[in-house]
1. Of everything in region 139-164, what is of a type in the set (S, T, N, Q) and in contact with a Lys or Arg (Cβ under 8 Å, 6 or more places away or on another chain)? Give them in sequence order.
2. Which condition from (1) among the polar types (S, T, N, Q); (2) surrounded by 15 or more Cβ atoms within 10 Å (Cβ to Cβ); (3) touching a residue at least 60 places away in the same chain (Cβ under 8 Å) is the one that SER239 breaks?
3. What pairs come out if I take residues in region 203-226 that are within 11 Å of GLN287 (Cβ to Cβ) and pair them with residues that are at pLDDT 95 or above and of a type in the set (Asp, Glu) whose C-beta lies under 7 Å away, six or more apart or interchain?
4. So which residues in region 327-359 are touching a residue at least 60 places away in the same chain (Cβ under 8 Å) and closer than 22 Å to GLU401 by Cβ?
5. Residues to consider are GLU390, GLU421; find the one that is assigned to a helix (DSSP H, G or I) and under 12 Å from GLU176 (Cα atoms).
6. Quickly run through region 268-287 and pick out the residues that are open to solvent by 80 Å² or more (accessible area, probe 1.4 Å) and within 23 Å of LYS236 (Cβ to Cβ).
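The values are calculated or read from the model by the stated rules, or taken from the named source; none is laboratory data. The shown structure was predicted, so the numbers you read here are calculated from the model rather than taken from an experiment. FYI the Cβ positions are ideal-geometry reconstructions off the backbone, even for glycines, and counts take in every protein chain you see. Calculation scope for accessible area: heavy atoms of the full protein, side chains included, ligands and nucleic acids excluded. Shrake-Rupley method; radii C 1.70, N 1.55, O 1.52, S 1.80 Å.
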Amino acid sequence: PKPETRNPKPETRNPKPETRNPKPEMREDLLHFIWKYKKLSLEELVTSNNDSIVIVDVGTHNHLSGPDFFNAKLNIAGQLWAGNVEIHLKSSDWYAHNHEKDPNYNNVILHVVWEDDAKVFRSDNSEIPTLELKNYISQSLLRAYKSLFDKKGVTFINCEKNVAQVDSFLMRNWLERLYFERLERKSTFVFDVLQGSNNDWEKVLFTLLLKNFGLKVNGGSFLSLANAVDFPVVRKLRSDTLQLESVLFGMTHLLDDDAIVDEYYIQLKKEFRHFKSKFGLAEESVQKPEFFKLRPSNFPTIRLSQLANLYGKQQSLFSKIINTSSLIELYRIFEVSASPYWSNHFTFGKVSKKSTKKLTKKFIDLLIINSILPLKFCYAKQLGKDIDEEIIRIIAQIGKEENSIVNNFKENGVTISNAKESQAILQLYNEYCTQNKCLRCAVGNSLMSD
């Protein structure tokens, strides 16, 4: 790195440490937090070589490969430097990670460590200034950190004893950001399907719907069905519900029982044999769905029939969904039932008490949360459009999901009002709480700052 200015070297002074207690158990994420938010005594900072340090800009936190902070600006020994900052627990970690051999680290202008146990050099043998943090950190910050990660009495998440104290405005903003993080995470799958379908958005919708019609138990099976059936086949058959049902049932091995003699079942088998030959369908790669431990309303027979009827009723399903910005209109699109045969059946050949197998509002909500909004988000993203407000408006009108994670947060005093917040809570728990990323979380940050 080249200095931006060349000023005379000022007189340096020795640091005045607050205390010199034995080194506590330390993690690198705390050092990142300390540097990022300047949680250190900024007065009289010096390097291990006793050169003064003034932090002009800590730089941009990098969560990917390469130095930990990009584009920092530091005045070291009266000279302004621009470059990167690398953070380790010990100076010797520089060599343990082979940074001296990596040209990406040649622009490091400061090595920030908890313990300086070795001099560090770039690949050109120039020494990198080192800041040893342990003499500049307050004991109150270390106590807050220890308290946050103290597992004693914890049954759910690290901050369960204090999360209810977090400012409500901060929490609402953090949850909204987390909801979009979750959407971005889901968009990876959406764009993978889009790429695999030669940019056929209707195929993407079909795949998302099939996967989510299967819920957790049969999501994998229904996804294997979506992968095994070329969408042009669906396009050709969707105007005739029985024909589409025959392919969906046949491909999932639900028409393999020769002992069933129901007229509907026999007709489905006949249609499937025809279309299997006509379109060269191969069901070997499709996983047979499960019935065990499912409520009858979630049986794969019912869900596949409902999906076939949805496509039979809505011939322009993708365009209708994309052009709809109202939750009420989305509910209307999904007002469908399984075929008449299923009014007194849950499985083939076995009569049951008569009931309409209509998509419930709760199930439609799940489809909107997990299929429709990710689809709309990704489609707008590809077109360069911003529909964040539309997405927030829709998701905020949907009731919160009920599951053990959401319920545990509620029991610990977190207010969860709608599906946007329950989705955000799932993102928070899975991507932060379970991975101990408390210092990347606004809640943990707030508790460390109190």
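1. Result: ASN158, single match.
2. Here SER239 meets the rest and fails (2).
3. ASN218/GLU290
4. Listed by number, the residues that qualify are LEU327, LEU330.
5. The match here is GLU421.
6. If the condition is that a residue be open to solvent by 80 Å² or more (accessible area, probe 1.4 Å) and within 23 Å of LYS236 (Cβ to Cβ), then LYS270, ARG273, HIS274, SER277, LYS278, GLU284, SER285 are the ones that fit.
Results for (1) farther than 14 Å from SER325 by Cα; (2) in contact with a Gly (Cβ under 8 Å, 6 or more places away or on another chain); (3) surrounded by 15 or more Cβ atoms within 10 Å (Cβ to Cβ), shown as yes or no for each residue.
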position	(1), (2), (3)
TYR379	no, no, yes
GLU390	no, no, yes
ARG393	no, no, no
LYS400	yes, no, yes
SER404	yes, no, no
ASN408	yes, no, yes
SER417	yes, no, no
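Per-residue answers, yes or no, for (1) crowded, with 20+ Cβ neighbours inside 10 Å; (2) in a helix (DSSP H, G or I); (3) hydrophobic (A, V, I, L, M, F, W, C):
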position	(1), (2), (3)
LYS152	no, no, no
PHE156	no, no, yes
CYS159	yes, no, yes
GLU184	no, yes, no
PHE189	no, yes, yes
ASN199	no, no, no
LYS216	no, yes, no
GLY220	no, yes, no
